[in-house]
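Okay, structure first, notes after.
Every number in this text was worked out from the coordinates using simple rules, so none of it is lab data. Quick caveat: nothing in here was measured; it's all calculated off a predicted structure.
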């Protein structure tokens, strides 16, 4: 004897409106987060009706009706870097609030991958994007902006191109690098190495600039031999530290351009039979979760990654929803030196 399957009819906005005792327009406004004047209790009644009826918006129908895709994208350099999951969590939170889907592109820090992702955005049906680029500049975003695709870019320095409605979040890489190195100098270090990251990238340029400014401000000589490269990974930090330890004398302190490189440097220091901070002090950037778990806990610069993602997404949706000003916006985000036992 065959068992007959029962299928529940898919609920509609009209069903939700009837269940909640409101108009279908009110339901649409709550779903799209477009009317803040709806009373809190009415909004909650609609949300309860959505849950009770297990209503799922038909985004294809919405797209045809509104000419929107209800999808945004983000381009990031490395999803395995613990900086970016927190950043993405902030973006996802705001996307969820606006009933949007999120597509994430990971460029793996490669120039060709960045180019491919930017081309994909030109052809993809997205309503906007948040981008973190290592190899391409503001001009490379022009085709997207000219297609009226809102863009928010996370940068380490202010953009130089005028006449483009491009919103930017600005984290002063040079300034926080200067603060980190100045702290080491104030601790009595005069021979400070730097593991600077991937060559020809904005993070490296801006963070090296801050390192140089700190030395100059404290009247210490700049020795190019103390600046080492590598990529922005634990492996890159390890390799850079090995090179610094070959110098005679080796530096008494090292500034790594992110925490992953600082963790790699820690391994190289221990393998050399040296202690942190007694023989070599160490500072990183990002305040990733592992920074306070390693021994000794790592002194680092916090950039408040999740807050950056939240603010970037808020700016993007203001642009998508037409509430942003007609001129481009530049928002500088804060940083904080977190002093721990590695210094």
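Mind checking which of 39, 221, 289 has the largest fluctuation in a GNM of the chain, springs on alpha carbons under 10 Å?
39
For the chain, take the longest principal axis of its alpha carbons; what is the angle in degrees between that and the long axis of helix 259-271, to the nearest 10 within 0 to 90?
40 degrees
Among [x] 37, 26, 18; [y] 51, 30, 17; [z] 47, 22, 18, only one was calculated for this model; which label is it, if the read-out is semi-axes √(5λ) of the Cα gyration tensor in Å?
Correct label is [z].
At 222 nm, what helix-only mean residue ellipticity would the chain give, in deg cm²/dmol to the nearest 500, using -39500 (n - 2.57) for each DSSP H run of four or more?
The per-residue figure over the chain is -13000 deg cm²/dmol.
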